[in-house]
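Everything below concerns the one structure shown next.
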Amino acid sequence: MYSKRFSLDQKQTDSLKKYGFCVATVAGIKSIRFNNFIMLDWDTPHRGEVYQNLKQLCHENPEELWAIYDTFGGVHAFRLNCTELPTSAHSIALAYKLDADIRYVELCISRNLWSARIAPKPDRNGDFICFKGFVGSGIALPKTQWLLQIHHNLLIKYGLTTPSKNSPISSLIRQIQLVA
């Protein structure tokens, strides 16, 4: 398992309690930490397999809704239809079922926080994280929509993606309008 050396300062702890997220930097890598906003990570050049697994999960569970981001080294996916801690039995089972990066999952469990990188890795040229779209037909919770927008805005702020009319929130609004 991972070392317990990681800790949040008082301002970050207060932010987590009040808003459900904070920003932290560990080993030169800036990330946003969530207490119960599920984000899974896959380090793989085979993005199509990840998309297929998520599509299959959503087909079997119509209440599911995931926001997908392509990354330099793989895929990030945020679960929008519910919130859970990384230590919950359901979160752990879901991560294993979807074959998410086990090292990332173990790290989240040890910290009891989900984590998503929001700034380029040091010394990585061409690093990016960009919104790909949604998988599933479930309904996003207001809190998860808000946290996804904060995450996306931080990606823009730190130069991992660029502003566009195809942001996750504008796409989510269009999706909701199409259903209504």
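The values are calculated or read from the model by the stated rules, or taken from the named source; none is laboratory data. Remember, it's a predicted structure, so these values are computed and weren't measured experimentally. A quick note on method: Cβ atoms are made from the backbone with ideal geometry, for glycine too, and the neighbour counts reach across all protein chains shown. Please note that ligands, DNA and RNA were not included when accessible areas were found on the heavy atoms of the full protein model with its side chains. Shrake-Rupley method; radii C 1.70, N 1.55, O 1.52, S 1.80 Å.
For the chain, what is the mean residue ellipticity at 222 nm derived from helices alone (per DSSP H run of n ≥ 4: -39500 (n - 2.57); sum divided by total residues; nearest 500 deg cm²/dmol)?
Numbers: 6 runs with 71 residues, N = 180.
About -12000 deg cm²/dmol.
I'd like to compare 107-113, 123-129: which one has the highest average count of other Cβ atoms within 10 Å, and what's the full order after that?
Working: 107-113: 19.0, 123-129: 11.9.
Descending mean neighbour count gives 107-113, 123-129.
Of Lys97/Lys157; Lys30/Lys143; Lys18/Lys55, which pairs sit farther than 31 Å apart, going by alpha carbon to alpha carbon?
Details: Lys97/Lys157 33 Å; Lys30/Lys143 22 Å; Lys18/Lys55 33 Å.
From the list (Lys97/Lys157; Lys30/Lys143; Lys18/Lys55), the Cα-Cα distance tops 31 Å for Lys97/Lys157; Lys18/Lys55.
For a quick check of your reading of the filter: which trypsin sites (Lys or Arg not before Pro) in region 1-79 sit in a DSSP loop and have no more than 11 other Cβ atoms within 10 Å? Spell out each step's value before the answer.
On the way: sites: Lys4, Arg5, Lys11, Lys17, Lys18, Lys30, Arg33, Arg47, Lys55, Arg79; in loops: Lys4, Arg5.
Hits after loop and neighbour filter: Lys4, Arg5.
With a 1.4 Å probe and every protein chain left in place, work out the accessible area per residue of the chain in Å², rounded to a whole number.
Numbers: 9390 Å² over 180 residues.
Per-residue accessible area for the chain comes out at 52 Å².
Taking K and R as +1 and D and E as -1, what net charge do the other residues with C-beta under 13 Å from the C-beta of Cys22 add up to? Present the calculation step by step, with values, prior to reporting the outcome.
Working: positive: Lys11, Lys17, Lys18, Lys30, Arg33, Arg111; negative: Asp9, Asp14.
Here the charged neighbours net out to +4.
Tell me the net charge near Leu154. Cut-off is 13 Å between Cβ atoms, Leu154 excluded, with +1 for each Lys or Arg and -1 for each Asp or Glu.
Values: positive: Lys30, Arg33, Arg117, Lys157; negative: none.
For residues surrounding Leu154, the net value is +4.
Rounded to a whole number, what % of the accessible area of region 21-180 do carbon and sulfur atoms account for, probe 1.4 Å? Numbers along the way, then the final one.
On the way: 4300 of 7590 Å².
C and S atoms contribute 57 percent here.
If you work out Rg and Dmax of the Cα atoms in Å from the coordinates, which of (i) 15.3, 45; (ii) 15.5, 48; (iii) 15.9, 51 do you get?
Comparing each candidate, only (ii) matches the computed number.
Give me Rg over Rh for region 46-149, both radii from the alpha carbons and Rh done the Kirkwood way, two decimal places.
Numbers: Rg = 13.7 Å, Rh = 14.5 Å.
Ratio of gyration radius to Kirkwood radius: 0.95.
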